[in-house]
Amino acid sequence: MNGARVNVRESMRPLPRMTQPFLTWVTGVPPADAAPRVLWHPHLAAVTGVAQTAAGIALGAVALHLPWYALVPLLLVAWPTIGGGLRRLDVVVVHQTLHRMFARSDRANRVVSEIVTTLLWRPPYDGNRKEHLVHHAHPCSFRDGDTQYLLSTGAAPGMTEQQFRRYLWRAVFSPRHHWSFTAGRVRANVTGEQPVHRRVMSLAYLALTVAGLALTGWWLYWLLLWLVPATFFFQAQTFLYTLSEHRWWLFDNAERLTKSQRDQLTFGRFCGEPAPAVAGRPWAVRQLAWARWWLRMVLVYAPYRMWVLVGDTVQHDLHHVRPKCDWANSSWVRNADLRSSEAGRYYEVWGGLLSHVYAGNSVRGWQARPSVALTGTAAR
Amino acid sequence: MTTTSALTADQLRPALARHVRRTFGPDRVRDLHDRFATENIVVLRQFCPPELTEAIAAEARSIAERNGTPHDLVFAITDSTPRRMTTVGQPVIRDEGPLIHAFYFNPDMLDIASDIVGERVHVCPYAGEHYVISVLDRTGDTHGWHWDDYTYGIILVLEAPPYTDGGFVQAAPGTSWDKQNPDVYGALLRSQVRSYALEPGDAYLIKTNTTMHRVHPIRGDGRRMIVNMTLASTADLSRPLTHETNDVLFGGTTDPRRAK
């Protein structure tokens, strides 16, 4: 059901060479024998997050001066783009600081984390790190805060696709869900349980925001281009991401698992579908099939990568197998692992958002597949 | 899985959600919150609508008849208080009690419990304490004075005798459990004991780690059957806790059917 036996990424190999970097980014998988031309640096992940957020805000700001029929569609693109940029800063940058893998020194990781999480109203460094290390020690257990979060939204294994889609709609738009999420973010910043320096940072940020808005009068811009995407969209995107982060219910949320079981909890969330096999078919059929395929790659899978499955999160299985790897180049590192004796530790699901959340939540008929080991060496 | 009622687990959530929305408005929840803050225990009258109570009771009764383990013992760890009761542990209920399982994992239940206690409550990190069935049906049966390991519990009352036959719950809030030197009488002297009569369909929410509580012994033809569900605070999720009494009384995560 989830991904045919055909090797999806290899089916794209005949496409022009200039399209391959785009396809590698969208799918999360480089061609089997390819080697990176440019290596990414962790700091670029932060730059990308800021750039995407800024681009979304700029688009929204332009849209606010246009007639409603242009404003509405542009705003509907701007909002998740801003949310996706913030998600990059949170789930990529902050996440790696928690592993002390964003900057070289512990202090720098802490400083970056505190600044970003203050701006995003996310939990302070120490508590966040402690909770995240529990997640790594006992992933998907009832001790794992992410498991508890999903349970609070009504997630459960064994639903049919239709039941799960109903649950998705309900949870994405649930005022209770968003209120609880937002309240948690506010509490984490100002209730007094956080370190003094952090409370000072949060309150100073709040004061500067209010003062800045009072001076400029940009209330409407702030409300529409910051508050809305930083709450509803950011939270909905976080929820959709978290649902497929693991196969949450695979081993009944047991705390003690074997290494092999733990490996099965996480899978490569690869995006895309096999390139059309239309050789020998009439010209018009070939053109239609390719047009449809490209449209889906550009309009379905690429936005998913921009808005929900951002950065290195595609290869989240690699992160759990080797948290200390060169995460900024995860797609290449994972391929290298598939050439090693570690190959048997990786699983994958091809498709889009629905395929991934179905597999993550043991929706009836959905599961992850072991990744196929690669042979030979990558080109230089 | 064994389903003993026409109501399915899939139907439970919307049925309970509708009922809770209708009967637990903001004013009532605020009142319950205030009372819980004072007494550390609060009765949620008719938390379950009758049709749901009957379905869950039928399921629990059927499970207890097949798998119930009678106990008659005292626990030194709770100052030698008695346990005379029949119990069923979590692994059996998980397999044979889809309604109880669905009730426990129902986010509406977790939400309303969170609103009342004033902090987010979670599913218990230790599966053995998710839900257990307890039946008192002989004169003298009791779940004696004790505390629990996790912070909160919600108990769904499926059968209850009239208070004249005992079976009501008693609580002494603001007391603490020193497992090395448990002092039930000291706790009784230092705290104020309150008693709460219950009816089928009621639930009670209790701060179990600092509220010593017991079920008053039943007498006559009285019969009491409840599902006890443990809820964790956020702090509980990262606190190492032991489960001695649960493991002895309810079997923890050990499935007794495998031993047979």
Query raised in the report: Where does each of B:58-69, A:244-255 land if you order them by average Cβ count within 10 Å, highest first?
Result: A:244-255, B:58-69
Report task. Among B:246, B:181, B:209, determine the one that fluctuates most according to a GNM of chain B built with springs between C-alpha atoms less than 10 Å apart. Result -> B:181
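Count the net charge of all other residues whose Cβ sits under 13 Å from the Cβ of residue A:293, scoring Lys and Arg as +1 and Asp and Glu as -1.
Details: positive: A:286, A:292, A:296; negative: A:273.
Net of charged neighbours comes to +2.
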Report summary line: Per-residue Cβ contact counts at 10 Å, fewest first, order A:278, A:321, B:227 as A:278, A:321, B:227
Query raised in the report: R0 = 35 Å: FRET efficiency of residue A:71 with residue A:25, Cβ-based, nearest 0.05?
Result: 0.75
Report task. Which order do the peptides B:105-115, B:17-27 take when ranked by the mean count of other beta-carbon atoms within 10 Å per residue, highest first? Result -> B:105-115, B:17-27
Query raised in the report: Using 1/(1 + (r/R0)^6) with R0 = 25 angstrom and r between the beta carbons of residue B:8 and residue B:35, what's the FRET efficiency to the nearest 0.05?
Result: 0.15
Query raised in the report: Stretch residue A:170-residue A:41 to full length: gain in nm at 0.36 nm per residue minus the Cα-Cα span?
Result: 42.6 nm
Query raised in the report: What is the average number of partner chain Cβ atoms found within 10 Å of a Cβ in A:141-149?
Result: 5
Query raised in the report: What is the mean number of Cβ atoms from other protein chains located within 10 Å of the Cβ atom of each residue in peptide A:171-182, rounded to a whole number?
Result: 1
Query raised in the report: Expressed in nm to one decimal, what extension gain is obtained for the pair residue A:99 and residue A:160 from 0.36 nm per residue of sequence separation less their Cα-Cα distance?
Result: 18.3 nm
Requested in this report: Provide a whole-number value for the mean count of partner chain Cβ atoms within 10 Å of the Cβ atoms in peptide B:116-125.
Outcome: 4
Report summary line: With a Förster distance of 25 angstrom and the Cβ-Cβ distance between residue A:115 and residue B:239, calculated FRET efficiency to the nearest 0.05 equals 0.25
Query raised in the report: Around residue A:370, what is the net charge, scoring Lys/Arg as +1 and Asp/Glu as -1 over all other residues with Cβ under 12 Å from its Cβ?
Result: -1
Query raised in the report: Going 7 Å from the Cα of residue A:298 in the Cα-to-Cβ direction, what parts of segment A:5-34 have a backbone nitrogen less than 14 Å from that spot?
Result: A:19, A:22-23
Query - Which of A:170, A:262 has the fewest Cβ neighbours within 10 Å, and the rest in rising order - result: A:170, A:262
Query raised in the report: Against the longest alpha carbon principal axis of chain A, how many degrees, from 0 to 90 and to the nearest 10, is the axis of helix A:175-190 turned?
Result: 60
Report task. Please report the relative contact order for chain A, taking Cα pairs under 8 Å with a sequence separation of at least 6, and give it as a percent rounded to a whole number. Result -> 26
**Report entry** Peptides ranked, highest mean first, by Cβ atoms within 10 Å: ranges A:237-243, A:281-287, A:31-37, A:50-56
**Finding:** A:237-243, A:50-56, A:31-37, A:281-287
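Each value in this text was obtained by applying a stated rule to the coordinates, not by laboratory testing. Predicted, not measured: the structure shown is a model, and the values here were computed from it. As a convention, Cβ positions derive from the backbone with ideal geometry for all residues, glycine included, and neighbour counts pool all protein chains shown.
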